[in-house]
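First up is the structure itself, then whatever we jot down about it.
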C-alpha cells in the first residue's frame, strides 16, 4: 500500500506536541516542572522573603503559568526553526508499506524501516504516528486518506506487519 502526504509546519508541530503530552517520559517531565515550579516559588516567597501566604500563592501561580506558556512557545519556536533548516521535513512524502518494511520517500531523501524497527503506533483524531524510536515518528495526517475505508486498510496493514495494535 502506498500513500502520498503533504506535511506542513503545523503537522510537524502537532507531532511534537503529541510527543510532549502523550509519551510518558516527556509528559512526566512536563508535569514535574508544572507542579514543582509553583511549589518552589511559593515556598521561596513565603519562607525566604517572608511574604504572606495569599501573596505567595498568587505570585507563585502567575509566575508558573507564564513560565509554562513561555516554555511551550520556546519549544514551538525551536521546532519551527528545525523545520526551516532540515530540508525534507515538510512537503510531499510518499509512504509505502510492504512485507519487508516501510519506505518514506521525499524530494531530499529515501528512508527505509524494517518492521522490527517500529517501536509503536499511536493515533489521535487527526494523525497516525509511527514511532521508530522514542521521539522520532513518521507523522501521517488522516486527511491524506481518501476515505475512512482507505485509512482502515492502511492501519490494518500496519498492524498486520508490525504485530502491534494502534493505541
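The values are calculated or read from the model by the stated rules, or taken from the named source; none is laboratory data. What you see is a predicted model, and the numbers here were worked out from it, not measured in a lab. Positions of Cβ are generated from backbone atoms using ideal geometry, with glycine treated the same way; all protein chains shown enter the neighbour counts.
Figures for the structure shown
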read-out: Any chance residue 21 is assigned to a helix (DSSP H, G or I) and within 24 Å of residue 120 (Cα to Cα); value: yes
read-out: Selection status of residue 23, more than 20 Å from residue 144 (Cα to Cα), touching a strand residue (DSSP E or B) at 6+ places or on another chain (Cβ under 9 Å) and either surrounded by 12 or more Cβ atoms within 10 Å (Cβ to Cβ) or modelled with pLDDT under 90 (or both); value: yes
read-out: The stretch 119-163: number of residues that are free of Cβ contacts under 8 Å to residues at least 60 places away in the same chain and in contact with a strand residue (DSSP E or B) (Cβ under 6 Å, 6 or more places away or on another chain); value: 8
read-out: Any chance residue 89 is under 21 Å from residue 9 (Cβ atoms), surrounded by 13 or more Cβ atoms within 10 Å (Cβ to Cβ) and more than 20 Å from the chain's Cα centre (by Cα); value: no
read-out: Of residues in the stretch 55-108 being in a loop (DSSP other than H, G, I, E, B) and without any contact (Cβ under 8 Å) to a residue 24 or more places away in the chain, the one farthest from residue 44 (Cα to Cα); value: 100
read-out: Which listed residue is surrounded by 12 or more Cβ atoms within 10 Å (Cβ to Cβ) and not assigned by TED's automatic domain parsing to the domain that holds residue 110, from 59, 95, 39, 35; value: 59
